[in-house]
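Asker: After the structure tokens below, expect a handful of questions from me.
Since every read-out is calculated from the coordinates, none of them should be taken as a lab result. Just so it is clear, the structure is predicted and the values come from calculations on it, not from any experiment. Positions of Cβ are generated from backbone atoms using ideal geometry, with glycine treated the same way; all protein chains shown enter the neighbour counts.
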Amino acid sequence: MRVGKMICLLAVIGIGLSFTLLAQKRPSKRQPATANAEQSKVPVLQLFQDMFTHGRYELKDQVFANRCPVHFGSRNVTLEHAVSEGKGWRSAAPDLVMSADQVAVNGEMVTVNWTATGTHTGQGNGLKPSGRRISMRGTSRFRVVDGKIVEVWNEEYRTELFRQLGVSKTTALMFETADDLWASATNLLPNRVYAAFQ
């Protein structure tokens, strides 16, 4: 009889422990929010430090997802067009420095308040060197997924840039119209055809 009671008691304890273990939460494989936030900043900071400031545009595929759309106000361009435009401004202002002054992360979204400074001493984006200093501020938002930027929203910057460079409104309008037409055409062309024109 004693053996029977002992077996029953052990069975009850065993079942109780089993339910207790099953009821416990398993540790989450998700990383803490701060780690995810820091990881989301990596490609954005690499964009500002390496690509914009140091002109290392070969890092494009490490920073951006394939076919990442880029928005400048109401203007929408392909990633290739945005990179080409960036290279043009880098040629126009070889001492260009773009600083990410404030970076905030909210889920997949990374918001950056930035400043850009440089001197227009080079030829780029069809504008002759003016020797003028530029100093601009702006805000950009990036959606980051799996360590890459998948979409970008920027404030339109060209009006202020052209004002600082002393570009006439007529010339600025012609530049913007030609650039917008080219951006529209490249959206229609396959990437290989677009690359042939670069």
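Asker: Could you tell me the calculated FRET efficiency between residue 128 and residue 67, based on Cβ-Cβ distance and R0 = 41 angstrom, to the nearest 0.05? Numbers along the way, then the final one.
Answerer: On the way: r = 34 Å, r/R0 = 0.83.
About 0.75, to the nearest 0.05.
Asker: Can you tell me how much longer the chain between residue 102 and residue 156 gets when fully stretched, taken as 0.36 nm per residue apart minus their C-alpha distance, in nm with one decimal?
Answerer: Details: separation 54, 0.36 × 54 = 19.44 nm, distance 1.89 nm.
Length difference between fully extended and current span is 17.5 nm.
Asker: I would also like to ask the following. What is the distance, in nm, between label points placed 7 Å from the Cα along the Cα-to-Cβ direction at residue 176 and at residue 49?
Answerer: 3.5
Asker: I would also like to ask the following. Normalising by the residue count of the stretch 33-197, find the relative contact order in percent from Cα pairs under 8 Å and 6+ residues apart.
Answerer: Rounded, it is 23 percent for the stretch 33-197.
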